[in-house]
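Structure, as structure tokens:
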Amino acid sequence: MLKVGVIGTGMIGQDHIRRMTAVLAGVTVTAVTDVDVETAKKVAGGLPGATLHLTGEDLIADPAVDAVLVCSWGPTHEQYVLASIAAGKPVFCEKPLATTQDACLRIVEAEVAAGRRLVQVGYMRRYDAAYRALKRVVDSGRIGVPLMMHCTHRNAGVPSFYEKESAITDTAVHEIDMVRWMFGEEITAAQVLIPRKSRNGGPLQDPLILILELAGGAIVDVEISVNIRYGYDIRGEVVGEDGTAALGEFSPVVVRAAGERSAPIPLDWRERFLLAYDVEIQEWIDSVAGGGEPVGPSAWDGYAAAVVSDAGVAALRSGSRVPVTLAAQPTFYRAPLS
Ligand code: NAD
Ligand code: ISE
């Protein structure tokens with residue numbers, strides 16, 4: 001039974017605790033912490049036998065914690081991931097790995113120095129049945145060489161701490177990781193187009209279109225709308241030389257009534273990616289239980305996504321096309337992107 005400590009008991013922290021206690025196998029949540037002590041106390045109250053720690057560092061040092069799940073805000077990820085590596089404990093870090101590429105590189109360097117993989121990053125689209133099916137079609141060659149991909153990432157709304165740059169660093173960063181995995185190639189440049197501003201966007205520039213260039217010449221466009229109001233809508237279509245392949249519609253039911261055909265739209269990421277998170281966390285548990293290494297998105301993947309995300313932010317601010325340059329990849333990470 002893998003004993004997991006959770007840092008950050010907000011929205012996704014509570015959702016991962018729910019799945020680890022009620023859905024998944026081979027795991028028990030033994031400790032929690034949050035700077036919001038009242039919330040952490042409430043969450044700990046629902047976990048018989050779990051310890052409430054006042055700091056993330058105390059939780060990481062707890063002998064009753066075999067592995068760490070970091071679900072706190074992005075700017076706090078680096079300190080907890082580095083402390084977990086120093087303690088020799090596997091750490092699953094929600095995206096982004098860290099909020100700057102320099103911080104991600106420090107994590108990469110610490111993991112390489114530790115000499116074994118300890119870090120996995122929460123890019124859950126790689127575990128989603130629809131994205132996996134789309135990748136299987138692309139890899140099969142059935143639609144020919146992929147030339148373009150059109151992506152849509154729409155949120156009904158976003159929290160009040162969300163900033164102009166968050167559209168890239170917090171939202172489109174999922175497409176940045178997914179595209180590297182889907183095409184098996186690095187992203188080489190980013191550009192941002194700014195359409196007419198939505199009246200629902202408040203102080204944000206909403207929507208945005210992010211254009212990503214890939215090493216092999218394919219081009220990907222990502223519509224990012226984070227105040228679309230009607231629901232959470234994720235789409236993707238790959239255009240190949242001989243055909244196209246797109247993610248299917250999410251809804252499990254279609255209603256025909258009163259002269260209309262309708263289907264429900266998910267409210268947010270928890271509903272749309274419910275099963276992907278289940279598979280992602282179960283595979284992580286199974287891989288690290290008994291001293292094994294994680295096999296999902298690595299610290300290098302977290303670093304590569306951060307470099308592209310930084311380029312996207314620079315492109316948003318400057319209006320220019322910004323090239324992406326990655327550091328030399330340590331041989332430690334030289335495995336296929338898939
Ligand atoms: P949230 O604000 O609901 O929860 C974050 C929690 O972290 C809060 O309770 C906050 O008090 C706590 N916290 C902040 N600083 C801390 C610190 N130093 N130590 C301990 N706790 C601290 O946010 P959320 O939506 O749950 O997002 C958390 C992380 O998960 C973010 O990195 C976000 O990008 C990521 N996320 C990923 C997905 C996904 O689809 N994979 C979805 C949502 C959020
Ligand atoms: C959130 O943090 C997520 O990761 C969701 O998957 C994404 O859709 C949303 O835009 C982010 O704020």
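The values are calculated or read from the model by the stated rules, or taken from the named source; none is laboratory data. Quick caveat: nothing in here was measured; it's all calculated off a predicted structure. Don't worry about glycine lacking a Cβ; one is built from the backbone with ideal geometry, like all the others, and counts go over all protein chains shown.
The set of residues from region 252-286 being within 22 Å of the chain's Cα centre (by Cα) and small (Gly, Ala, Ser) comprises just one member, Ala276. For region 134-157, enumerate the residues that are touching an Asp or Glu at 6+ places or on another chain (Cβ under 8 Å) and either part of a helix (DSSP H, G or I) or within 12 Å of ligand 1 (Cβ to nearest atom) (or both). Once the filter is applied, which keeps residues that are touching an Asp or Glu at 6+ places or on another chain (Cβ under 8 Å) and either part of a helix (DSSP H, G or I) or within 12 Å of ligand 1 (Cβ to nearest atom) (or both), region 134-157 yields His153, Asn155.
Screening the candidates Ala190, Ala156 for the property of being more than 16 Å from ligand 2 (Cβ to nearest atom), of a type outside the set (S, T, N, Q) and over 17 Å from the mean Cα position of the chain (by Cα) yields one hit, Ala190. Restricting Ala190, Ala172, Ala167 to residues that are surrounded by 24 or more Cβ atoms within 10 Å (Cβ to Cβ), in contact (Cβ under 8 Å) with a residue 40 or more places away in the chain, away from ligand 1 (no atom under 14 Å from the Cβ) and not basic (Lys, Arg) narrows the list to Ala190. Among the residues of region 50-64, the ones that are within 15 Å of ligand 1 (Cβ to nearest atom) and closer than 18 Å to Gln14 by Cβ come to 5 in all. Across region 110-120, a minimum of one residue is classified as touching a residue at least 40 places away in the same chain (Cβ under 8 Å) and either under 26 Å from Tyr232 (Cβ atoms) or assigned by TED's automatic domain parsing to the domain that holds Val220 (or both). Exactly one residue out of Glu283, Glu260 is farther than 27 Å from Glu223 by Cα and in contact (Cβ under 8 Å) with a residue 60 or more places away in the chain, and it is Glu283. Do we find that Ala246 is surrounded by fewer than 19 Cβ atoms within 10 Å (Cβ to Cβ) and more than 29 Å from Val322 (Cβ to Cβ) in this structure? The answer is no for Ala246. If you filter region 249-277 down to residues that are within 11 Å of ligand 1 (Cβ to nearest atom) and part of a loop (DSSP other than H, G, I, E, B), you find that the one that is farthest from Ala130 (Cα to Cα) is Asp268. In region 174-204, the qualifying residues are those that are part of a loop (DSSP other than H, G, I, E, B) and either among the aliphatic types (A, V, I, L, M) or at pLDDT below 95 (or both), and the one that is farthest from Ala304 (Cα to Cα) is Gly202. When we screen Gly217, Gly231 for residues that are closer than 18 Å to Leu147 by Cβ and not in a strand (DSSP E or B), the only hit is Gly217.
Considering only residues that are of a type in the set (D, E, K, R) and part of a helix (DSSP H, G or I), look in region 37-80 and name the one that is surrounded by the fewest Cβ atoms within 10 Å (Cβ to Cβ). So, considering only residues that are of a type in the set (D, E, K, R) and part of a helix (DSSP H, G or I), the one surrounded by the fewest Cβ atoms within 10 Å (Cβ to Cβ) is Glu38.
Looking across Val238, Val220, Val226, one residue alone is over 19 Å from the mean Cα position of the chain (by Cα), crowded, with 18+ Cβ neighbours inside 10 Å, within 30 Å of Ser298 (Cβ to Cβ) and not aromatic (Phe, Trp, Tyr). It is Val238. Before we move on, is Gly141 within 16 Å of ligand 2 (Cβ to nearest atom) and not assigned by TED's automatic domain parsing to the domain that holds Ser287? It is false that Gly141 is within 16 Å of ligand 2 (Cβ to nearest atom) and not assigned by TED's automatic domain parsing to the domain that holds Ser287.
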